[in-house]
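To start, the structure under review is shown below, and the notes come after it.
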């Protein structure tokens with residue numbers, strides 16, 4: 001089972017700390033000075049309405065619709081999650097249309113030699129963006145670490161199995 005990050009809307013206060021942590025976790029050291037609005041691209045999006053406040057991010061689907069529709073194989077199962085191989089992405093937006101959660105986004109970014117060797121530096125290129133569970137960080141997703149209300153947490157197979165068992169026990173107890 002793929003890991004995933006979810007949020008408890010009952011605990012979320014809409015502070016956007018998760019978005020800031022996401023951007024900083026994925027910013028190259030030399031890009032930190034460029035954190036203008038055009039470079040502020042979190043891989044999760046905080047949704048705030050009069051009734052709910054919660055971050056929405058990739059659910060790392062087992063049978064991921066985005067992976068199925070990607071014509072170049074830019075979306076792959078890796079590290080118990082769905083990852084984007086940016087050098088394969090052509091920006092076709094098929095993944096955006098296929099994602100049932102609205103967690104995929106296509107953004108235009110300035111290409112650097114490290115990011116994409118096929119294009120010259122400074123070229124604008126489109127890339128698929130989504131939560132990657134911060135697999136490059138030893139502590140895991142940056143959004144979890146910084147959430148002041150602990151509304152964001154990781155779900156894995158054990159937690160899911162435990163929650164399912166508890167729900168079944170509650171359903172059985174209600175039958176009596």
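No lab work stands behind these numbers, since they all come straight from the coordinates. Please read all numbers here as calculations on a predicted model, not as lab measurements. Backbone-built Cβ (ideal geometry, glycine too); neighbour counts: all protein chains shown.
On full extension, the segment bounded by residue 107 and residue 150 gains 12.6 nm, given 0.36 nm per residue less the C-alpha separation. Each of the peptides 157-163, 9-15, 92-98 was scored by the mean count of other Cβ atoms within 10 Å over its residues; in descending order, highest first, they stand as 92-98, 9-15, 157-163.
The long axis of helix 17-26 is offset from the longest Cα principal axis of the chain by roughly 40 degrees. Only helices enter this figure: runs of n ≥ 4 DSSP H residues, each worth -39500 (n - 2.57), summed and divided by the residues of the chain, yield -7000 deg cm²/dmol at 222 nm to the nearest 500. With respect to the chain, whose longest principal axis is taken over its alpha-carbon atoms, helix 157-174 is tilted by about 30°.
Just check the chain against the gyration tensor rule for me: Cα atoms, a ≥ b ≥ c as the square roots of the eigenvalues, rounded for a/c under 1.5, and otherwise prolate or oblate depending on whether a/b exceeds b/c. Prolate, because a/c is 1.5 or more and a/b exceeds b/c.
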